[in-house]
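Since every read-out is calculated from the coordinates, none of them should be taken as a lab result. These numbers come from a predicted model, not from an experiment. When we count neighbours, we look across all protein chains shown, and the Cβ atoms used for this are built from the backbone with ideal geometry, even at glycine.
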Amino acid sequence: MELFFAIVMLACLHSFVSPDGQGDALFALRKSLNASSDQLADWNQNQVSPCTWSKITCDDKGNVVMVSLSSMGFSGTLTPRIGVLKNVNTFSLQGNGITGKIPKEIGNLTSLTMLDLENNCLSGEIPASLGNLKKLQSLFLSRNNLTGTIPQSLSGLPNLMNLQLGSNGLTGQVPKQLFQVPKYNFTGNRLNCGLNLSHHCESYNGGEVDRRIPFGQLRRFSWRELQLATDNFSEKNVLGQGGFGKVYKGVLNDGIKVAVKRLTDYESPGGDAAFQREVEMISVAVHRNLLRLIGFCTTPTERLLVYPYMQNLSVAYRLRELKTGEAVLNWPTRKRVALGTARGLEYLHEHCNPKIIHRDVKAANVLLDEDFEAVVGDFGLAKLVDVKKTNVTTQVRGTMGHIAPEYLSTGKSSEKTDVFGYGIMLLEIVTGQRAIDFSRLEEEDDVLLLDHVKKLQREKRLDAIVDGNLNKNYEMDEVEMMIQVALLCTQASPEDRPAMSEVVRMLEGEGLAERWEEWQHVEVNRRQEYDRLQRRFDWGEDSIFNQDAIELSGGR
């Protein structure tokens, strides 16, 4: 009996102490902040769970997800032990008198979407480890005593929407990618914004300074403005043509280069007002890997959209339509394009409300900015045209070879139809080939790029898959990884395909091995079943088969 009670007491003691160290880390934070006896008094190190403490929010699994300690008069420092709080998505200590350095261990808080340390007395450099916070949307470090340069690693934060670094002692060059963040502030530092910008490092609410129309100020163009900009929609200014209409290069009267998309099937239900509402809905989707909408134009017979001009055109152009002397996309750029496109689609599917389904993901609809970063275009356009027309071509939007089988057969699209198109696009990036190529009929039956790649993958002939223009300047293990992700994305059943957030993680090296092993097992079983049926039903003249069994497999 005594042994029993001893075991029970040990079990209770174990539940009393947070096994993952959350409570210990938070208590260490209270101590390092020099909290007085009446501040955070209920933060008891011996308490069952920190989820009952003030200023702390937990999820239903007992994980600390929010720490809110703003304007409480703290004067101490930030302990590195906060690095164990890996489920925290909001960490706010603005408006205190906190001194010392920003611990590099904050880079371990990979669930963070908002970090607010504004208006304190923090010193030292901004840790490069903050570049690990891939989910971070808002970073507030203004009004501190921070010095040194802005880490280049901040340029790799795919979801960053608001960057506030004003009123510090920062020096050096501002990474130019940070001017693509929709809202930023660099004022009150000694920073160099680059010779290509006419403004100094000022604050900005909506994108790049002296050169683009600010986000949130969607411009309504007149027909005459766009007619003049495109030289009356001259054929010599056509940049491309797709299922939604032609795109023209244009130059506005202030010298800004634009791309003007002249929509077909423009009779949107509800007319001009409905079209404008849909345009405004699309315009709020702001991400560094999405093409930003500048403005629009409507007339009784026309619907036009105006975008920034992308000087490096599309991925499809760079893969297959290069002119003499133009550089081929190298392998590192192709990898960056694959990941950037995935992040843009992830944002449309999982961070827009309501979600936006692209419906025509392909290399031709992924554009390249001046730094050859991927910019997904044409998203949401299916919402702007009349998809209720009886003509089948207006019901199913997309390009043959890129369209998911369930969308083609039912006309119903989902995020998983985009995932399928993205998988085909990955194969375009690896091979440089089109999704459908009838020239392959001369050597084999695989007109579809997907079937062609599957065949070579089964035969372990990956070297025959890769674009010859790369001249073997690539890493085969990286090629294999990209093909694996592509095949996972293009599974016949939409339920089996990964979400775009999973695709991003797999491209970043997380979780691919497990998914691929599962896929191989299913694929082997499927092919064995197919071969078994082929042996059972030999369709030659001398074959013997059960006619009744075949009829039973038909309609009932």
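Say the dipole of region 316-510 comes from +1 at the beta carbon of Lys and Arg and -1 at that of Asp and Glu; which of 465, 349, 330 then lies farthest toward its positive end?
The listed residue farthest towards the positive side: 349.
Roughly how many nanometres apart are two label points built 7 Å out from the Cα toward the Cβ at residue 480 and residue 125?
The modelled label-to-label distance comes out at 3.7 nm.
Kindly provide the GluC sites (Glu not before Pro) of region 437-496 that DSSP labels as loop, not H, G, I, E or B, and whose Cβ sees at most 16 other Cβ atoms within 10 Å.
Loop-located and lightly packed - 443, 444, 459, 475.
Please order 331, 519 by the number of other Cβ within 10 Å, starting at the fewest.
Ranked by crowding around the Cβ, least crowded first: 519, 331.
With a cap of 12 neighbouring Cβ atoms within 10 Å, and only residues DSSP puts in a loop, list the trypsin sites (Lys or Arg not before Pro) found in region 278-348.
In loop regions of region 278-348 (DSSP not H, G, I, E or B), the sparsely surrounded trypsin sites (Lys or Arg not before Pro) are 323.
If each of residue 513 and residue 370 carries a label point 7 Å out from its Cα toward its Cβ, how far apart are those two points in nm?
4.3
In terms of the Cα gyration tensor, with a ≥ b ≥ c the square roots of its eigenvalues, is region 402-524 rounded because a/c is under 1.5, prolate because a/b exceeds b/c, or oblate?
Here region 402-524 falls in the oblate category.
Determine the gain in length on full extension of the stretch residue 523-residue 330; use 0.36 nm per residue of separation and subtract their C-alpha separation, reporting nm with one decimal.
Extra length from residue 523 to residue 330 when fully extended: 66.3 nm.
How about region 431-518: which trypsin sites (Lys or Arg not before Pro) there are in a DSSP loop, with at most 15 other Cβ atoms within 10 Å of their Cβ?
Loop-located and lightly packed - 460, 461, 472.
Amide H of residue 290: which non-local residues (sequence gap of 5 or more, or other chain) have their own amide H closer than 5 Å, using H built in the peptide plane?
Under 5 Å from the amide H of residue 290: 376.
Can you put 31, 61 in order of Cβ neighbours within 10 angstrom, beginning with the fewest?
Ordered by Cβ neighbours within 10 Å, fewest first: 61, 31.
Among the listed pairs 246/454; 86/454; 183/236; 135/335; 104/335; 176/455, which have their C-alpha atoms separated by more than 32 angstrom in this model?
Over 32 Å Cα-Cα: 246/454; 86/454; 183/236; 176/455.
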